[in-house]
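The values are calculated or read from the model by the stated rules, or taken from the named source; none is laboratory data. Keep in mind that what you see is a predicted model, and the values were worked out from it rather than measured. So basically every Cβ, Gly included, is an ideal-geometry build from the backbone, and we count neighbours across all protein chains shown.
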There are 2 protein chains.
Amino acid sequence: MQLLLLSNSSSPQGFLTHALPDIRQWAGPAPENASVLFVPYAGVTRTWDEYETLVADALRPTGLAVRSLHREAAPLAAIAGATHIVVGGGNTFALVRQLRQTGQLAAIAERVRSGGARYLGWSAGANLACPRLCTSNDMPIVDPLGFDTLGLVPFQINPHYTEAHPEGHRGETRQQRLREFALLNPGVPVLGLPEGTGVRIDGDSRTLLGDPQTPARWFTGVQAPALLPMGSWKS
Amino acid sequence: MQLLLLSNSSSPQGFLTHALPDIRQWAGPAPENASVLFVPYAGVTRTWDEYETLVADALRPTGLAVRSLHREAAPLAAIAGATHIVVGGGNTFALVRQLRQTGQLAAIAERVRSGGARYLGWSAGANLACPRLCTSNDMPIVDPLGFDTLGLVPFQINPHYTEAHPEGHRGETRQQRLREFALLNPGVPVLGLPEGTGVRIDGDSRTLLGDPQTPARWFTGVQAPALLPMGSWKS
């Protein structure tokens, strides 16, 4: 499988700008002849049409054309024929509900697992690639009708990973939340991806991408996470 | 119904200390002769035994005795006979899963709705009193096996309500999250309860409790929320 899973999309430079070199590498040869099938369903406050335009504009420098799944008359056929599937961030629960209700969740999993399509996702789109949606940071604004997701990787991802905590706030820190996950889900590791970072999976090879000053975190239990340096990653 | 729904439990003064005057008022006459049935299932990093001790110690000044539901040999009978049900905070998903799997969710709803038991909940315990768990801030660490909850009040609560946002963090603000909820759940209002505040429901009367400097927020759609002053509340 060819996967690129990013913590986030926006950056001071612009939407997806920080990730364009990695997206070019992920896209493979001749991206100017390729078309991306974009999944906009995590978008809630922006419309799916607006989200398609935003992503098409952002990916234009790579040569990749973009078409949103919500405009396909035969979405399952579009998935079965896609070579590049891109899943945008937003609300993970809204994303999973829409994909499950339409049968598109299983279709995407099958297409990517078979090697037919490369997969790029950020934020909710990175959560979607994991076994379950359990390490999303999002508010559960709708019932996802089940917690299992694509299962493209054998670990969970926590996007927007941070150790910051607003002063005076008495809710849990991110580490506390992930320790609670570890307690109830023993044996399931979690990759914490700070803003601006990501993971590239190319067959059996895994590489962590981003600023060397912001290592990823690897939670394998209730103890404090290990720091994972950027670069080649052997877990 | 007699309900007391609090944003949070911990305070600089100690566990539940800030809420003791309101808890005394909620407990009704002769609390020294009453026993609280405590629901500890939202606790994940603390054990249910530890949680029972913590709450028993915290409520001692009110005269209320505390017994945890997890130690009852016949939990459904214990719920059916309870006069005071107290649901602690922690992880809403873990709480709802345990209550649903055991049939205790429906039993608690019936007992409180019938007027047989008073209900106190903080954080996840306040979320539980709402129609659905959709406005929890918690990480979805386990599948709650459905999103409906007790439905004791006709609105949603967002506990630990804050407008703070860690600098450089590119996830959603709380207002953005609640606007997303409003977009996908039109007509369902949300009460944002800042730290230290709560709502007391005594039959048809509703009162907002807490520091007058920290008004509650009332979201009825995608626009900015209304500020609700502490004190008698007519919505």
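For this structure, a couple of remarks:
- Screening A:Leu145 on (1) assigned to a loop (DSSP other than H, G, I, E, B); (2) within 7 Å of chain B (Cβ to nearest Cβ); (3) closer than 21 Å to B:Glu180 by Cβ shows it passes everything except condition (2).
- Residue match in segment B:179-193 (condition: over 18 Å from the mean Cα position of the chain (by Cα), charged (D, E, K, R), closer than 21 Å to B:Asn137 by Cβ and surrounded by 15 or more Cβ atoms within 10 Å (Cβ to Cβ)): yes
- Options A:Asp211, A:Asp143: the member that is of a type in the set (D, E, K, R) and touching a Cys at 6+ places or on another chain (Cβ under 9 Å): A:Asp143
- Residue under evaluation A:Met139, criteria (1) within 11 Å of chain B (Cβ to nearest Cβ); (2) of a type outside the set (Val, Ile, Thr); (3) without any contact (Cβ under 8 Å) to a residue 12 or more places away in the chain, criterion not met: (3)
- Residue match in segment A:156-172 (condition: away from chain B (no Cβ under 12 Å) and part of a loop (DSSP other than H, G, I, E, B)): no
- A:Gln156 being within 30 Å of A:Phe15 (Cα to Cα), buried (at least 18 other Cβ atoms within 10 Å of the Cβ) and either out of contact with any Phe, Trp or Tyr (no Cβ under 8 Å at 6 or more places or on another chain) or not small (Gly, Ala, Ser) (or both): yes
Conditions tested, residue by residue: (1) farther than 18 Å from B:Thr149 by Cβ; (2) in contact (Cβ under 8 Å) with a residue 60 or more places away in the chain.
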| position | (1), (2) |
| --- | --- |
| B:Ser7 | no, yes |
| B:His18 | yes, yes |
| B:Ala34 | yes, no |
| B:Thr45 | yes, no |
| B:Pro61 | yes, no |
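- Neighbours by Cβ (under 7 Å, 6+ apart or cross-chain): first from segment A:181-199, more than 10 Å from chain B (Cβ to nearest Cβ) and within 14 Å of A:Gly231 (Cα to Cα); second of a type in the set (Asp, Glu) and outside any strand (DSSP E or B): A:Gly198/A:Asp22
- Residue list for segment A:118-136, filter: within 12 Å of another protein chain (Cβ to nearest Cβ), crowded, with 24+ Cβ neighbours inside 10 Å and not in a loop (DSSP other than H, G, I, E, B): A:Trp122, A:Ala124, A:Asn127
- Looking only at residues in segment A:217-235 that are without any contact (Cβ under 8 Å) to a residue 24 or more places away in the chain and assigned to a loop (DSSP other than H, G, I, E, B), the one that is nearest to the other protein chains (Cβ to nearest Cβ) is A:Gln223.
- Criterion (in contact (Cβ under 8 Å) with a residue 40 or more places away in the chain, under 30 Å from B:Lys234 (Cβ atoms) and not aromatic (Phe, Trp, Tyr)) met by exactly one of B:Gly89, B:Gly116: B:Gly89
- Looking at B:Thr207, B:Thr214, just one residue is assigned to a strand (DSSP E or B), more than 8 Å from chain A (Cβ to nearest Cβ) and of a type in the set (S, T, N, Q), and that residue is B:Thr207.
- Test: A:Val44 is at pLDDT 95 or above, of a type in the set (A, V, I, L, M) and closer than 17 Å to A:Ala82 by Cα: no
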